[in-house]
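Participant: Right, I'll just put the structure down here and ask away after.
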Amino acid sequence: MTAAPPRALIAEDEPLLAAALRHELAQAWPALQVVATVGDGRAAVREALALRPEVLFFDIRMPGQSGLDAAAELADAWPAGQPFPALVFVTAYDQYAVQAFEAQAVDYLLKPVQAARLQKTVQKLQQTLTNQALEATVLEATMAQLRHLLAAPAPAAPSALLTVIQASSGNQIHLVPVAEVLYFEAADKYVRVLTAGHEYLIRTPLKELAAQLDAQTFWQVHRGTLVRASAIASVTRDEAGRLHLALRGRSEQLAVSRLYAHLFKAM
């Protein structure tokens, strides 16, 4: 029985660059079928889950959601037991991004895509697709790579650790001691700051905020959630295998993404 030809999804917000990549792929890998081309990260996640392609080409900078965040969301939502697609990031030259990709052995292409470089990527992808016997290991390795990439420090020098946060509540500005915060949660254009009895809003992006917090004190348990580790009262696993946290001082439960489930290996 002849194996089905491999399929790919391209996520690139610039139509000319997307068309150029499709053209170069047709030359370098005629058997590859490009089943969809999308222009933003959320569409990339949606279409990848629907189509289950074997290869993904994700542009790093896209409207609404970066290629890296889209890949992380996709890894978290990917069906258990299914082989995760081979992943290639496409980026304009950025020394920090390139260094991070190389450090994590993540394949990448620089814009504009060069035929010789693409040929090397194709050979690597073909080798990857013929060696997917350890599917769970492949997915876990991908998630480990994504965790490191998401945690890669910004090029700016790190700030001193925060001790007080200026946060808004209604028409007032409050000075909230970090020692009282139980968790931070990204919400649209804001980050929610939750203490035992109050909720505040700040505009500082979660990744920027995380760089100013002690990583041993606040654990990232989801792409949009940082939790005070000492406030975690219990961890439960639901019927689908997903983890949820109960915190001391709060009634709600917090979801743990698959990307960060390794923090609770005892389960």
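Participant: What lysines does LYS207 reach when the alpha-carbon gap must be under 23 Å and sequence neighbours fewer than 8 apart in one chain are set aside?
Facilitator: Qualifying lysines at Cα under 23 Å: LYS189.
Participant: Separate question: As I understand it, the dipole of segment 164-263 uses +1 on the Cβ of Lys and Arg and -1 on the Cβ of Asp and Glu, about the Cα centre. Which of TRP219, VAL191, HIS174 lies farthest toward its positive end?
Facilitator: After comparing all options, I get TRP219.
Participant: Cα-Cα pairs above 31 Å in the chain: how many percent? Display every interim value, and only then the final one.
Facilitator: On the way: 11765 of 35511 pairs.
Considering the chain, 33 percent of its Cα-Cα pairs are separated by more than 31 Å.
Participant: How do ILE173, ILE60 rank by accessible surface area computed with a 1.4 Å probe, from largest to smallest? Show your work: numbers first, answer last.
Facilitator: Details: ILE173 120, ILE60 30 Å².
From most accessible down to least: ILE173, ILE60.
Participant: Enter the per residue convex hull volume of segment 7-151, computed from alpha-carbon coordinates, in Å³ rounded to the nearest integer. Mind dumping the intermediate values first?
Facilitator: Values: hull volume 14.3 nm³, N = 145.
That works out to 99 Å³ per residue.
Participant: Answer with one residue from PHE84, ALA50, GLN27: the one whose Cα lies farthest towards the positive end of the charge dipole of the chain, charges on Cβ with Lys, Arg +1 and Asp, Glu -1.
Facilitator: Comparing the listed Cα positions along the dipole, PHE84 ranks first.
Participant: May I ask for the net charge around GLN27, where only other residues with Cβ less than 15 Å from the Cβ of GLN27 are counted and Lys, Arg are +1 while Asp, Glu are -1? Each step should come with its number before you reach the end.
Facilitator: Values: positive: ARG22, ARG117, LYS120; negative: GLU24.
Net local charge, GLN27 excluded: +2.
Participant: Follow-up. Please check: in the Gaussian network model of the chain (C-alpha springs, under 10 Å), which one of THR91, THR128, THR142 has the largest mean-square fluctuation.
Facilitator: Largest GNM mean-square fluctuation: THR128.
Participant: Quickly rank 47-54, 248-255 as a protection proxy: mean count of other C-beta atoms within 10 Å, highest first.
Facilitator: Numbers: 47-54: 17.2, 248-255: 13.5.
Taking the mean over residues of other Cβ atoms within 10 Å, the ranking is 47-54, 248-255.
Participant: Let me ask something else. Among GLN114, GLN65, TYR96, whose Cα lies farthest out toward the positive end of the dipole of segment 7-151, if unit charges sit on the beta carbon of Lys, Arg (+1) and Asp, Glu (-1)?
Facilitator: Going by the Cα projections, it comes out as GLN114.
Participant: Which value, in debye to the nearest 20, describes the size of the charge dipole of the chain about its Cα centre when Lys and Arg Cβ atoms bear +1, Asp and Glu Cβ atoms bear -1, and nothing else is charged? Can you show the working numbers first?
Facilitator: On the way: 23 positive and 25 negative charges, 48 e Å.
For the chain, the charge dipole is close to 220 debye.
Participant: In debye, nearest 20: dipole of segment 46-127 around its Cα centre with unit charges on the Cβ of K, R (+) and D, E (-)? Each step should come with its number before you reach the end.
Facilitator: Details: 7 positive and 9 negative charges, 58 e Å.
So the dipole magnitude of segment 46-127 works out to roughly 280 debye.
The values are calculated or read from the model by the stated rules, or taken from the named source; none is laboratory data. Since the structure is predicted, the reported quantities are computational estimates derived from the model, not experimental observations. With ideal geometry, Cβ positions are generated from the backbone for all residues, glycine too; neighbour counts draw on all protein chains shown. Heavy atoms of the whole protein, side chains included, go into the accessibility calculation; ligands, DNA and RNA do not. Shrake-Rupley method; radii C 1.70, N 1.55, O 1.52, S 1.80 Å.
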